[in-house]
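Each value in this text was obtained by applying a stated rule to the coordinates, not by laboratory testing. On a predicted model such as this, the values are computed, not experimentally measured, just so you know. With ideal geometry, Cβ positions are generated from the backbone for all residues, glycine too; neighbour counts draw on all protein chains shown.
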Amino acid sequence: LDPSMQLGLDLTGFGGRMAYAWGSLLTAVRTGTPAYHELFGLPFWEDLEAHPDITASFDALIGPPGHGTPDPEVLVTGGWEEVRTVVDVGGGTGALLAEILRARPEIYGTLVDLPRTVASVGSLLQAAGVGERVSMVGQSFFDPLPAGADLYLLKSILNDWPDREAKLILGRCAQAAHPGGRVVILGGVSPDDRANPELLMMVLLRSKDRTLTEFRELAREAALEIQAAGRLPSGRFAVECRPM
């Protein structure tokens, strides 16, 4: 089997969590709240925190083993000549940040994720040849972020959270970015004519994919203004914002 399929079908890892969670879909649709805690004893993120083996399986599934090497082209409008510092917010294993830095030796990066996550990725960044250009910050992205960078990345983050939490994350990026900085959202926003219900996210987290119109209002409430939106060469839909 393809490695990504093996991860998804491994019932002893996160694949098993997903398989069981689908059984709570009807409850999630009827009540608007996930029943994950009823199945596994804890809400989703607390469950991962309590089970490092499941967390490792989750990280692998959403990282290169499950989704392949990330495409470093993340800007809809280009303009990399203005970028010298990148903060990958909730960047997990740092795979995307590593590819960006490998493609652009003049750029320095900061990886922000929970302490246990960033403590485990130093060797991966060194192996990618970018370890000397990455600072690692172990913290929640609900807390104030490292300030003054040119570019803040949110890859597959907003679709994990309901509106209140998503607005807080966006607000932290808006507060941290300098006036000419950019905030780029990869995942969690779809064109208005291609709405994605993200049923799995509803089952796991009570979160959702947002249309561009829905996201525009959420971004405005977080003091961000959309500058561009469109498909990247990878096919992923991306949104670029600037602080208002």
- [ ] Please turn the phi angles of the range 124-131 into ³J(HN,Hα) values with the Karplus equation 6.51 cos²θ - 1.76 cosθ + 1.60 (θ = phi - 60°), one per residue in order, whole Hz, x for glycine and proline.
- [x] 5, 5, 5, 5, 7, x, 10, x
- [ ] Figure the gain on full extension for Thr12 and Thr33 (residue separation times 0.36 nm, minus the Cα-Cα span) and round it to one decimal in nm.
- [x] 5.0 nm
- [ ] Would you kindly derive the ³J(HN,Hα) couplings of the range 157-170 from the backbone phi angles with the Karplus curve 6.51 cos²θ - 1.76 cosθ + 1.60 (θ = phi - 60°), listing them in order in whole Hz, with x for Gly and Pro?
- [x] 10, 5, 6, 8, 9, x, 4, 4, 5, 4, 5, 5, 4, 4
TODO: Could you tell me what percent of the DSSP beta bridges with both partners in the range 80-243 are antiparallel, to the nearest 5?
DONE: 35
Task: Dipole magnitude of the range 88-244 about its Cα centre (Cβ charges: Lys, Arg +1; Asp, Glu -1), debye to nearest 20 - done: 100
Open item on the list: I want to check the label-to-label distance for Leu232 and Asp71. Put each point 7 Å from Cα in the C-beta direction and report it in nm to one decimal.
Closed with: 0.8
Open item on the list: Computed from the coordinates I sent, Rg and Dmax of the Cα atoms in Å equals one of [x] 17.6, 51; [y] 18.6, 57; [z] 18.1, 54. Tell me the label.
Closed with: [x]
Task: Helix-derived mean residue ellipticity, 222 nm - over the chain, DSSP H n ≥ 4, -39500 (n - 2.57), to 500 - done: -10500 deg cm²/dmol
